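Some notes on the structure that comes next.
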Amino acid sequence: MADRYLIEPDVNFINEIAGLGGEDLKKCFQCATCSVACPISPDNKPFPRKEMIAASWGLKDKLVGNGDIWLCHNCGDCSTLCPRGAKPGDVLAAIRQYAITDYAAPKALGKMVNDPKKLPVLLAIPTVLFIVVGLLLKLLGVNWLNFAPGGDEIVHSHFFSSWLVDLMMIPASFWAVAVFGLGLKRFLADIHANALAEGKTDKESIEPVGFVQALIRIIPTILKHDKFNECSENKDRSTAHMMVFFGFIGLFIVTSIFFIVLYVFQIHGPYSQMNPVKWLANIAGVSLVIGSSLMIKNRLAKKDDQVSTYQDWFLIGLALALGLSGMLAEMTRLGGLAGISYFLYFVHLVFVWSLFIYVPFTKLAHIVYRTTAMAYSEYGNRK
Ligand code: SF4
Ligand code: SF4
């Protein structure tokens, strides 16, 4: 006898998916064209047809903890071919965004980050925090914030000391790691439980060594954007995505190196433009600016059958703001424009802090969740 399954639809979930860009999901009539069209859908239990029916039934638990939703790269091939205009690619993107905020805590912050009306508050928080902490330290005799740095040379750390920067950034980075860590723990438990229930695996638990080996095996695929390049409809997005991706990686490497140079070797900036690490910083910054600008261009030129949500614009805007403020602060420093350079440096710090604190709730968190899902898929030998 066939298994009986009691469906308990979550209407709020359906409405939230609609609000995140999946408003056409109810148009799906289950023809499965999308699953055939998807270039990266696995042969065993292909997607996204089954995800479309689960979404229209409001089966939140089946979707949020489903590793397959992260294998999709939102190329749009399925949305273009869908005969009903149900936009399955956008529905999967909406489910992923829902999953990101569902796994991250605290929920109140997640709501703020994804509410356009709260954007001024989100940016005001670090702006005020940096100044208040700097002034409080001043009262205690610690001069890490100097509104009139003076001197012939423009040195950003004379305005905003490196110690003050790190006092703000190190806890912020630990915060990001902790929020992601807790979210990933639940995420992995959920995708494994779903895989067990669907018969995709028979292992009771995930074996850590095997999982890490799988993670290492998928790194070349991620770096080369192989999956992205298998799509045809929006292949042009791959270049912009790669530029932003490598821009962030480059800046992460540069920040780590300069952190070691400062705290281990006690060498303070500004560092020479002839320094190879500076070259990497400049290349990564330019890559971030050009890549995010290309993303804006691509989204503005998008056809009507694809959706751009606030979450898309938030991510692209943050990447562009980070790259531009960093590059302009450096250029104005070299150009001798002290006041503007110090101001832009401060703006840059506000964006960097915002990136650390808000990233677990934004679309950028897909780097972490997608990598984990791809590693799990590789670990489970799901091709
Ligand atoms: S989303 Fe479109 S292509 Fe996919 S099953 Fe539904 S109607 Fe068919
Ligand atoms: S958007 Fe692309 S990758 Fe995602 S399900 Fe559709 S065809 Fe597959």
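The values are calculated or read from the model by the stated rules, or taken from the named source; none is laboratory data. Keep in mind that what you see is a predicted model, and the values were worked out from it rather than measured. Glycine also receives a Cβ, built like all others from the backbone with ideal geometry; neighbour counts cover every protein chain displayed. Only protein heavy atoms, including side chains, enter the accessible area calculation; ligands, DNA and RNA are left aside. Shrake-Rupley method; radii C 1.70, N 1.55, O 1.52, S 1.80 Å.
Here are the numbers for this structure:
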{"read-out": "Residue in segment 177-210 that is nearest to the chain's Cα centre (by Cα), counting only those that are surrounded by 19 or more Cβ atoms within 10 Å (Cβ to Cβ) and of a type in the set (Gly, Ala, Ser)", "value": "Gly183"}
{"read-out": "Test: Lys138 is basic (Lys, Arg), in contact with a strand residue (DSSP E or B) (Cβ under 7 Å, 6 or more places away or on another chain) and either at pLDDT 95 or above or away from ligand 2 (no atom under 16 Å from the Cβ) (or both)", "value": "yes"}
{"read-out": "Any chance Tyr345 is in contact with a Gly (Cβ under 6 Å, 6 or more places away or on another chain), surrounded by 21 or more Cβ atoms within 10 Å (Cβ to Cβ) and of a type in the set (Phe, Trp, Tyr)", "value": "no"}
{"read-out": "Of residues in segment 13-22 being surrounded by fewer than 17 Cβ atoms within 10 Å (Cβ to Cβ) and closer than 16 Å to Ser308 by Cβ, the one farthest from ligand 1 (Cβ to nearest atom)", "value": "Gly19"}
{"read-out": "Ala104 vs. criteria away from ligand 2 (no atom under 16 Å from the Cβ) and in contact with a Pro (Cβ under 9 Å, 6 or more places away or on another chain)", "value": "yes"}
{"read-out": "Qualifying residue in segment 46-55 (condition: out of contact with any Pro (no Cβ under 6 Å at 6 or more places or on another chain), over 22 Å from His192 (Cα atoms) and in contact (Cβ under 8 Å) with a residue 24 or more places away in the chain)", "value": "no"}
{"read-out": "Selection count where residues are away from ligand 2 (no atom under 13 Å from the Cβ) and open to solvent by less than 20 Å² (accessible area, probe 1.4 Å), scope segment 45-62", "value": "3"}
{"read-out": "Residue satisfying all of: in segment 63-111; without any contact (Cβ under 8 Å) to a residue 60 or more places away in the chain and more than 16 Å from ligand 1 (Cβ to nearest atom); surrounded by the fewest Cβ atoms within 10 Å (Cβ to Cβ) among these", "value": "Ala108"}
